[in-house]
C-alpha cells in the first residue's frame with residue numbers, strides 16, 4: 001500500500017516551522033532526548049563527588065559534544081569566571097608568575113584532538129560482567145578538539161634555569177575547586193604535549209569540564225587533566241597527593257599496588273549493536289560501529305569477532321588513526337539472524353594488542369579498579385537484543 | 001618517544017628565548033610593539049610576578065619528607081572532639097566509615113583478600129598525604145577551614161583509630177616524621193612495559209584461536225544497570241490504576257514565588273554538605289531541616305547540639321524566619337558557641353531564597 005507519510009499532506013509540509021532565534025543556543029531536537037549522560041547512583045556516596053557516563057552507544061564519528069561528555073567532580077562543578085581566574089606558576093622557577101585569563105589568550109596557541117578517559121573506565125567489570133550498556137561499561141571517555149597554550153610555553157615564561165636537570169623534576173598541578181585536586185606530572189611529559197586549554201570543540205569549556213581553563217594531558221588518565229587549574233609548581237619530588245596514593249593506584253592480587261600508572265593502554269568497544277542499541281531491522285546488511293583509542297599513540301588496526309574470539313576479521317577504520325585520539329571503526333556485515341558473540345580488539349602503533357579480560361586478571365587479579373582495557377563481549381540473540389557477557 | 005619529545009621541547013624553549021631576544025631588540029628600537037616586555041628574562045613578558053603572600057596562600061602542599069608542614073601540634077583527644085563534630089557524619093565516630101563514604105581505619109592484612117579494605121592505616125604509603133588532603137580538601141563542603149593545629153589533631157586521632165600511635169602521642173611538625181605508615185613499602189612503580197607490553201606486543205591470532213566458546217557470565221543476572229527514564233516512566237504508568245481526581249490539586253496556601261524557591265535551591269548548595277531537607281532527609285554533620293520553621297531550636301532527637309542551641313530550645317525559642325535570617329547572616333555572632341562551622345550567607349538575598357526553599361521541600 002502507498003505510504004501515507006508520502007501520499008498525505010503532512011503538517012510540516014504545510015504549516016510554518018519555528019523562526020530563527022527561537023533557541024539562541026540550540027539544543028538537540030526533542031526526538032533525541034535520550035542521548036544524555038547517565039550515572040550509576042550506587043557507585044558513589046554523593047552526586048557531588050561522583051561520575052557520569054557519555055552516551056557513546058548513541059554517538060557517531062569521533063568528536064564528543066560537550067553537552068553529553070562525561071563529568072567527574074570531587075567537590076562539585078564550580079562557577080569560576082574569567083575575571084576571577086588566576087593561574088600561578090611557582091616552585092623551582094626563575095620567576096614565579098601569575099597569569100590572568102586574558103594573558104593566556106595572548107600566548108601562541110595550538111589545536112589538538114585528544115581523548116580523555118577516566119582510569120576507572122570499565123572498572124566495575126573487573127570481577128565479572130556487571131553493567132548492561134556501552135555507556136556504563138565504557139562511557140567514562142570523551143574526545144574533543146582542544147585549543148590551548150602548550151605548558152612548556154608557560155614554563156619557559158617562568159624560566160626553568162632554577163630547575164636544573166629536568167630528569168628528576170616534576171610539575172605539581174592543582175585545581176581551584178574545594179577538592180583542590182592535585183597531581184604530580186614528570187617534567188618530561190610536561191614539556192612534551194601537555195596543554196593549558198581554554199576551548200573545546202571551538203567554544204568555551206563547559207563548567208563541568210573546568211571552565212575557564214583546564215589541563216589536557218594527552219594519553220594519560222583523566223584524573224590528571226586538572227580542571228579549573230589554578231597552580232603549577234615545579235618540584236624536585238612527586239607530592240604523593242591523595243589522588244596518586246590512596247586513589248589511582250592499582251592494587252594487585254598479591255596485595256602490592258602499582259603506582260604512577262599514567263598511560264591509558266589501547267582499548268576498543270563496539271558501540272552498536274550493544275545492549276542499549278539492539279538490532280531492530282532484522283536480517284541483512286548490518287553496520288557494526290565502534291571506537292578504539294590508545295594513550296601510546298595511533299590506532300593502526302581493529303579486529304572484530306562475531307564468534308566470541310575464535311575467528312577475527314580486520315575492521316575498516318573510519319579514517320586513519322590520530323595520536324591519542326578516538327578512532328572510529330566499522331565492520332560491515334550481512335547478518336543472517338544467528339546469535340553472535342561480538343568482540344573488538346585494538347592495536348596501536350607500538351604493536352600493543354588489546355588483551356582479554358582473562359589475560360588482565362592473570363596479570364593483576366580482580367581488585368585493580370583502574371586501567372581495565374579488556375576485550376568486551378556483547379551477546380546478540382536471534383531477536384537482535386544485546387547483552388554484556390563474559391566468555392570462556 | 002617522550003624523551004626525544006622532551007629534548008625537542010628544550011630545543012624549542014631555546015628557540016623561543018632567541019625570539020624573545022629579537023623581540024626585545026625590536027622593542028628597544030621602538031619597533032611597533034605597543035608595550036615593552038615587563039619581565040626582563042621572559043619570552044613574551046606576559047603574566048606578573050607572584051607575590052610572596054600569594055604563593056604562601058596557595059602553595060600549601062605537603063611532601064612525603066614533611067616539607068611544607070607548618071608549625072603546630074594536636075593530640076588524640078582534641079582530635080576526637082573535632083573528628084566527631086566535623087568528620088564523623090561521613091566517616092563514622094571511629095573512622096570506620098558510613099554508607100558509601102570512605103573507611104579511614106582498620107583493614108590491616110586485607111590487601112590480598114577478595115574484598116580489600118583500603119584505609120589510611122592499611123593502604124596509604126605516606127602520612128603527609130592525609131595531612132595535606134585533610135587540610136586542603138576537608139571537611140567535604142567546608143574545605144580550607146581547618147587550622148594547622150586542628151589538622152594535626154585530626155590526623156593524630158586517625159592514627160590512633162588505626163592503632164598506630166598511643167593515646168598520649170602529640171603529633172606536631174617535629175614528631176610528624178617519627179610516624180611511618182605500615183604500607184609504605186606496598187607500592188611498585190608502573191612496570192607494565194616489562195611485565196605486560198613485552199607479552200602483548202605480538203601478532204594476534206586470526207583463525208582457530210580457541211577450540212570452542214561458552215558464555216560464563218551474564219550482566220543481566222547481576223541486574224545492577226540503572227533503568228533509563230523511559231523504562232522507569234513505563235513502569236510507573238503501569239502501577240497507577242486509580243484515575244486522578246479532577247480538581248484535587250487545589251491551592252491551599254498563598255503561592256510562594258517559584259523563582260525564589262529555585263534561587264533558594266541553588267543557594268542551598270552552601271548548606272547541603274552538612275544539612276539535608278526534603279523526603280528521607282536525615283541528620284548529617286548538621287541536623288535535618290524538615291519542618292524547620294516553627295520548630296523548637298535544638299530539638300531533633302539524636303543530634304548532638306551545642307549547648308547554646310539546646311539552651312535556646314529549653315528556654316522555649318523556636319526557629320522563625322527572623323531568627324533564621326539573623327543566624328544565617330552571622331552564625332557565631334548570634335549563637336556564640338554553635339558547632340556550625342560556617343561563615344554565614346554572604347548575600348542577604350540568598351537568605352530569603354534559602355528559607356523559601358526549605359519551606360517548599362521540607363514542610364511536614
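The values are calculated or read from the model by the stated rules, or taken from the named source; none is laboratory data. The structure displayed is predicted, hence computed values, not measured ones. Note that each Cβ is placed from the backbone with ideal geometry, even for glycine, and that neighbours are counted across all protein chains shown.
Some observations on this one:
- Considering residues of region B:211-227 that are more than 7 Å from every other protein chain (Cβ to nearest Cβ) and more than 26 Å from residue A:307 (Cβ to Cβ) only, the residue modelled with the lowest pLDDT: B:227
- Test: residue A:67 is away from chain B (no Cβ under 12 Å), more than 20 Å from residue A:38 (Cβ to Cβ) and either assigned to a loop (DSSP other than H, G, I, E, B) or modelled with pLDDT of 95 or more (or both): no
- Restricting region B:43-53 to residues that are facing chain A (nearest Cβ under 10 Å) and at negative phi leaves a set whose member that is modelled with the lowest pLDDT is B:43.
- Residue ID - farthest from the other protein chains (Cβ to nearest Cβ), chosen from residues in region A:91-131 that are buried (at least 19 other Cβ atoms within 10 Å of the Cβ) and on the phi > 0 side of the Ramachandran plot: A:122
- Of note, residue A:300 does not satisfy the criterion of being over 20 Å from the mean Cα position of the chain (by Cα), surrounded by fewer than 20 Cβ atoms within 10 Å (Cβ to Cβ) and under 24 Å from residue A:112 (Cα atoms).
- Screening residue A:169 against (1) under 24 Å from residue A:237 (Cβ atoms); (2) modelled with pLDDT under 95 leaves a single unmet condition, (2).
- With respect to the conditions (1) surrounded by fewer than 17 Cβ atoms within 10 Å (Cβ to Cβ); (2) closer than 21 Å to residue B:82 by Cβ; (3) more than 9 Å from chain A (Cβ to nearest Cβ), residue B:178 falls short on a single one, namely (2).
- Residue among B:2, B:6, B:56 that is within 11 Å of chain A (Cβ to nearest Cβ), under 24 Å from residue A:183 (Cβ atoms) and at pLDDT 95 or above: B:56
- Restricting region B:121-145 to residues that are without any contact (Cβ under 8 Å) to a residue 24 or more places away in the chain and more than 7 Å from every other protein chain (Cβ to nearest Cβ), the residue that is surrounded by the fewest Cβ atoms within 10 Å (Cβ to Cβ): B:144
- Of the residues in region B:149-172, not one is at pLDDT below 95 and either over 30 Å from residue A:252 (Cα atoms) or more than 14 Å from chain A (Cβ to nearest Cβ) (or both).
- Being part of a loop (DSSP other than H, G, I, E, B) and either away from chain A (no Cβ under 14 Å) or at pLDDT below 80 (or both) holds for only one residue in B:230, B:253, B:235, and it is B:253.
Let's see how each residue does on (1) outside the structural domain of residue A:344 (by TED's automatic domain parsing); (2) surrounded by fewer than 22 Cβ atoms within 10 Å (Cβ to Cβ); (3) in a loop (DSSP other than H, G, I, E, B); (4) in contact (Cβ under 8 Å) with a residue 24 or more places away in the chain:
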position: A:171; (1), (2), (3), (4): yes, no, no, yes
position: A:174; (1), (2), (3), (4): yes, no, no, yes
position: A:179; (1), (2), (3), (4): yes, no, yes, yes
position: A:240; (1), (2), (3), (4): yes, no, yes, yes
position: A:253; (1), (2), (3), (4): yes, yes, yes, yes
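- Residue within region A:42-56 that is away from every other protein chain (no Cβ under 12 Å), modelled with pLDDT of 95 or more and loosely packed, with under 13 Cβ neighbours inside 10 Å present: no
- Criterion: surrounded by 23 or more Cβ atoms within 10 Å (Cβ to Cβ) and in contact with a strand residue (DSSP E or B) (Cβ under 9 Å, 6 or more places away or on another chain) - qualifying residue of A:210, A:202: A:210
- Residues (assigned to a loop (DSSP other than H, G, I, E, B), without any contact (Cβ under 8 Å) to a residue 60 or more places away in the chain and more than 18 Å from residue A:177 (Cβ to Cβ)) located in region A:194-218: A:194, A:202
- Conditions (1) more than 10 Å from chain B (Cβ to nearest Cβ); (2) surrounded by fewer than 24 Cβ atoms within 10 Å (Cβ to Cβ): number failed by residue A:167: (1)
- Filtering A:269, A:232, A:226 for residues that are touching a strand residue (DSSP E or B) at 6+ places or on another chain (Cβ under 9 Å), farther than 19 Å from residue A:117 by Cα, more than 9 Å from every other protein chain (Cβ to nearest Cβ) and crowded, with 23+ Cβ neighbours inside 10 Å leaves a single hit, A:232.
- Only one of B:102, B:70, B:116 that is part of a loop (DSSP other than H, G, I, E, B) and more than 10 Å from every other protein chain (Cβ to nearest Cβ): B:70
- Of all residues making up region A:255-277, the number that are outside any strand (DSSP E or B) and under 21 Å from residue A:137 (Cα atoms): 8
- Test: residue in region A:314-336 that is free of Cβ contacts under 8 Å to residues at least 60 places away in the same chain and within 12 Å of chain B (Cβ to nearest Cβ): yes
- Any hit, region B:19-42, residues being assigned to a loop (DSSP other than H, G, I, E, B), on the phi < 0 side of the Ramachandran plot, at pLDDT 75 or above and not assigned by TED's automatic domain parsing to the domain that holds residue B:173: yes
- Flag: residue B:93 does not match the condition of being assigned to a loop (DSSP other than H, G, I, E, B), surrounded by fewer than 23 Cβ atoms within 10 Å (Cβ to Cβ) and facing chain A (nearest Cβ under 10 Å).
- Residue in region B:193-210 that is within 20 Å of residue A:126 (Cβ to Cβ) and more than 7 Å from chain A (Cβ to nearest Cβ) present: yes
- Screening the candidates A:194, A:217 for the property of being within 11 Å of chain B (Cβ to nearest Cβ), in contact with a helix residue (DSSP H, G or I) (Cβ under 6 Å, 6 or more places away or on another chain), surrounded by 22 or more Cβ atoms within 10 Å (Cβ to Cβ) and farther than 16 Å from residue B:61 by Cβ yields one hit, A:194.
Okay, residues lined up against (1) loosely packed, with under 15 Cβ neighbours inside 10 Å; (2) at pLDDT below 85:
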site: B:314; (1), (2): yes, no
site: B:328; (1), (2): no, no
site: B:339; (1), (2): no, yes
site: B:344; (1), (2): no, yes
site: B:352; (1), (2): no, no
site: B:358; (1), (2): no, no
